[in-house]
1. Filtering the stretch 372-412 down to residues that are within 13 Å of ligand 2 (Cβ to nearest atom) and either at positive phi or among the aromatic types (Phe, Trp, Tyr) (or both), which residue is least open to solvent (accessible area, probe 1.4 Å)?
2. Could you name every one of the strands (runs of 3 or more DSSP E) located completely within the stretch 40-129 that has at least 2 residues being within 15 Å of ligand 1 (Cβ to nearest atom)?
3. Out of the residues in the stretch 369-395 that are without any contact (Cβ under 8 Å) to a residue 24 or more places away in the chain and over 30 Å from Thr214 (Cα atoms), which is farthest from ligand 1 (Cβ to nearest atom)?
4. Can you name the residue in the stretch 238-257 that is in contact (Cβ under 8 Å) with a residue 12 or more places away in the chain and assigned to a helix (DSSP H, G or I) and is also most open to solvent (accessible area, probe 1.4 Å) among such residues?
5. Please tell me if Pro84 is surrounded by fewer than 21 Cβ atoms within 10 Å (Cβ to Cβ) and within 30 Å of Glu20 (Cβ to Cβ).
6. Taking only pairs six or more apart or across chains, which ones have beta-carbon atoms under 7 Å, a first residue in the stretch 222-237 that is in the same structural domain as Arg307 (by TED's automatic domain parsing), and a second residue that is open to solvent by 60 Å² or more (accessible area, probe 1.4 Å) and away from ligand 1 (no atom under 16 Å from the Cβ)?
7. Give me the residue from the stretch 130-166 that is modelled with pLDDT under 90 and more than 16 Å from ligand 1 (Cβ to nearest atom) and, out of that set, nearest to Met181 (Cα to Cα).
8. Report yes if some residue within the stretch 264-278 is open to solvent by 40 Å² or more (accessible area, probe 1.4 Å), among the charged types (D, E, K, R), in contact with a Phe, Trp or Tyr (Cβ under 9 Å, 6 or more places away or on another chain) and without any contact (Cβ under 8 Å) to a residue 12 or more places away in the chain; otherwise report no.
Amino acid sequence: MNASPSSSLGASRHAAPAAEPLRRHVASLLGACKPGFALPGPFFTDEPLYAAELEYLFGRHWLFVASEPEIPEGGDYRTFQIGPWPIFIVRRDDGSIGAFHNTCRHRGSRILLQDSGIAGATLQCPYHRWTYDLDGRVIGCGATGEAPAAQRRLKPVHVKTLAGLVFVCLADEPPDDFDDMLQRMTPYLAPHGLTRAKVAKQVDIIEHGNWKLTIENNRECFHCAGHPELLCSLFDFFGEIDPERMSAPERATYARYQSARPVQEALWARAGLPWAEIEQLHGRPTAFRTERLVLDGAGESMTADTRVASRRLLGDLKEPRLGTLHFHTQPNAWFHFLSDHALTFATLPLERGRTLVRSTWLVHADAQEGRDYDLEKLTSVWNATNAQDAAFVAETQRGASSPAYEPGPIAASEYMVKLFHVWYEERLRAEMRL
Ligand code: FES
Ligand SMILES: [Fe+2]
């Protein structure tokens, strides 16, 4: 892997340096990686490394956790467990979003216990009934009669939104390059009107594999022959394309792609939608990539028949054939924005070998199930794809945990897996001062 010097990459300021034995341990694991090859087995099996990833990657980078339509009204909240940190986000009555550590300032109980709910004007810890306002201030200490100490507030978590996507960062001083991503991505995302959407369906699955396997699997389509439903709409051409080396069916698919591309670009131009690729996958803490992709068939949506699943299009979009705007952010999310629906995927590690993948389908807030969209048609392709991916990840976790496992070479079409490894090493070296 190609690591850049940590000093240029902006380690979180004021963060305590990692303990020396852990630094030496992680440095020696990183030193055993071969550029252009899969990660060695300990990257999926080693507990101290996993603890370091939680603290220095998940604890210090911007993480996508939810979309704004998941907390549409004042008082709506969602809770998350990020490594050892329980947190929540809450919508205030003025429409702003707060994010806090879900740890009571009395004796530490979690305050909000459900995955989601409505808090009302105040939050109350269920243990001794300390109460808080939605700015995190203590406004009552239960039945003790003690006056709340003004300086004791719920610890805040940094929160930012990007065109309806909610990101949090647990670091004291988060990476300052989020606003650059915001500025570059807003013209791509805003036309899809996510803030005017609603959740049609959310599905949580647990993949029995390390979080990096979930991410690596998402960063390549070399395995996409295992996704027959997805391939009805997705052209699986990523990285260098060499038609000379294609099979006859691949060449036919490539010919369809080549003839669809100019038609699609004309439609994007007419709708005023940017489509150029932006690839910022390493050399910065808040790494991301976007590209508007042509879809096969009717080119409208990621459905079995490639037509829109919701006839009420997102935002003010009028043209159903827009392909998909693919977007992903390191270390934990990917997205598809279509004309008729948006899909968000948030992953969070649960344990070293277990990872939560939360998929959310969003449609226009005015779309009515049964009248404007059919839930089965909307969700069937990605439900099938998620199940297939979960099996790939689980099998790789088992196989790569074997003492007999040796990392193999990464193919040209898997170049984004390689770039994920570069980012991963850069960020660990920068944050751990290796
Ligand atoms: S722990 Fe929350 S009120 Fe006691
Ligand atoms: Fe996949």
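1. Trp382
2. Details: elements: 63-67, 76-82, 85-91, 97-101, 116-118, 122-124.
Per the criteria, 85-91, 97-101, 122-124.
3. Just the residues of the stretch 369-395 that are without any contact (Cβ under 8 Å) to a residue 24 or more places away in the chain, to begin with: 370-371, 376, 391, 395.
Subset that is over 30 Å from Thr214 (Cα atoms): 370-371.
Working: Gly370: 44, Arg371: 46 Å.
Looking at residues that are without any contact (Cβ under 8 Å) to a residue 24 or more places away in the chain and over 30 Å from Thr214 (Cα atoms), I get Arg371.
4. Taking the stretch 238-257 first, the residues in contact (Cβ under 8 Å) with a residue 12 or more places away in the chain are 238-241, 253-254, 256-257.
Those left that are additionally assigned to a helix (DSSP H, G or I): 253-254, 256-257.
Numbers: Thr253: 34, Tyr254: 33, Arg256: 107, Tyr257: 51 Å².
Among residues in the stretch 238-257 that are in contact (Cβ under 8 Å) with a residue 12 or more places away in the chain and assigned to a helix (DSSP H, G or I), the one most open to solvent (accessible area, probe 1.4 Å) is Arg256.
5. Details: surrounded by fewer than 21 Cβ atoms within 10 Å (Cβ to Cβ): yes; within 30 Å of Glu20 (Cβ to Cβ): yes.
Yes: the conditions hold for Pro84.
6. Note: pairs meeting the criteria are His223/Phe392; Gly226/Phe392; Glu229/Ala304; Cys232/Ala304.
7. So, considering only residues that are modelled with pLDDT under 90 and more than 16 Å from ligand 1 (Cβ to nearest atom), the one nearest to Met181 (Cα to Cα) is Gln151.
8. Yes, the conditions are met somewhere in the stretch 264-278.
The values are calculated or read from the model by the stated rules, or taken from the named source; none is laboratory data. Model, not experiment: these values are computed from the prediction. Please note: Cβ atoms are built from the backbone with ideal geometry, for glycine as well, and neighbour counts cover all protein chains shown. Areas reflect the complete protein model, heavy atoms only, side chains present, ligands, DNA and RNA absent. Shrake-Rupley method; radii C 1.70, N 1.55, O 1.52, S 1.80 Å.
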